[in-house]
Amino acid sequence: MKFISVQDMSAAILANRRKLPDKIDLVVGIPRSGMLPATMLATQLNLPLTDLDGLVSGKVFGYGATKDAPDVDKAMSEQRTVLVIDDTVGSGRAFKKARVALEGVSGNIVFCSVYSQVAKHPDVDVVLETNSLSPVCQWNMMHHAVLQNACVDIDGVLCCNPEAHEDDDGKAYRKFLQTAEKLHATSGEIAWLVTSRHEKYRAETEAWMRDNGVRYGKLIMTQTDEEKANSPAFKARIYVETGADLFIESEAYDAAEIQKISQRPVLCVATQSMIHDGSPIRMRSANGSKGSAALLAKVKLQARRMAGDKFYYAMKTLAGRG
């Protein structure tokens, strides 16, 4: 399973720039996902930017004062070259719709997709990069069809993690469960929500899901203190038992442990990376330093080996990271 991050897409655009027309006067994004590569490309080349409606109505977006002014006059002329771009192309429905919307619009209009499963797609003029599999993308991962057969963590994925003062296993924690900030909206139904939250908090968890429009097949919670203390092992077991195609986990270390135990791919939200067998654990500290995070991971692993799983996860829970 292929995971594409924002960084990956930026690199793909830069590496395949030669496939684009030599001269582009206006970049147009197909809303909404296409606005991301359109903004990247327009910023890289300092070109005018707009969306489909803007192209039809003759309007472009504003631009920052720190850059030279782009050539808006050329972007609005009849001799212009217009690049219409989207992140991916599958059925081609979005591009077909765009072509209809742009009928009669002047200029040389070139349709481009950053990613495609085929090198030449009948609905686009340019494919920048080919992927043999339908990718899961960072910017729309919670709207992907893979969720229909996936296990998804809750805290740190669907909602924020509790602060230390909220994680008291009492009144403050119940308030957090009721009012937690949503991190990702979802589309469709998630097959399994798998959380280290204890079964006694089912009512609050289900209420939050209803209030925030999260649809799911089954909510699986820890039944014992031991399961909660050893959350990665619990989640890995459920992952294997369900036969899900993917597990989406919040924490980097726990994601690596789930993958190690289950021997199945895990998508880590904290690092925005897919962990496969043998993948390195990519963790960042608060200031973005990889080195200190890697050292912390080694210290954690050594502590766990010395203390044993049960004691290690008990200490982790007491520290407010259950």
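FYI, it's all coordinate maths here, none of it is from the lab. In this text the structure is predicted, and so the values were computed from the model without any measurement. With ideal geometry, Cβ positions are generated from the backbone for all residues, glycine too; neighbour counts draw on all protein chains shown.
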For an R0 of 25 angstrom, estimate the FRET efficiency from the Cβ-Cβ distance between Asn46 and Ala101 and round to the nearest 0.05.
0.45
Added length on full extension, which subtracts the Cα-Cα distance from 0.36 nm per residue, Ala164 to Val118
11.7 nm
Measuring from label point to label point, each 7 Å out along Cα→Cβ, what is the His276 to Glu226 span in nm?
3.6 nm
With axes computed from alpha carbons, what is the tilt in degrees of helix 309-318 against the longest principal axis of the chain, rounded to the nearest 10 within 0 to 90?
70 degrees
In degrees, nearest 10, range 0 to 90: what is the angle between the Cα axis of helix 6-15 and the longest Cα principal axis of the chain?
40 degrees
Percentage of interatomic Cα-Cα distances in the chain larger than 36 Å:
32 percent
To the nearest 0.05, how large is the calculated FRET efficiency for Gln263 and Asn108 if R₀ is 51 Å and r is the Cβ-Cβ distance?
0.50
With the calculation restricted to Cα positions, what are the radius of gyration and Dmax of segment 222-276 in angstrom?
10.5, 30
Mind checking the full-extension length gain between Glu241 and Leu133? Use 0.36 nm per residue of separation minus the Cα-Cα distance, one decimal, nm.
36.4 nm
Long pairs among Lys96/Lys120; Lys74/Lys97; Lys175/Lys200; Lys74/Lys120; Lys23/Lys74; Lys171/Lys200, criterion Cα-Cα beyond 19 Å:
Lys74/Lys97; Lys74/Lys120
Counting all C-alpha pairs of segment 49-111, share separated by more than 19 Å (%):
35 percent
Can you tell which of Ala75, Ala65, Ala145 shows the greatest fluctuation in a Gaussian network model of the chain with Cα springs below 10 Å?
Ala65
Using only the alpha carbon atoms of segment 154-279, find the Kirkwood hydrodynamic radius as the inverse mean reciprocal pair distance, in angstroms to one decimal.
14.9 Å
Once every DSSP H run of n ≥ 4 in the chain is given -39500 (n - 2.57) and the sum is divided by its residues, what mean residue ellipticity at 222 nm do you get, rounded to the nearest 500 deg cm²/dmol?
-10500 deg cm²/dmol
Give me the one-decimal nm value for the distance between modelled label points at Ala207 and Ala11, 7 Å along each residue's Cα-to-Cβ direction.
4.6 nm
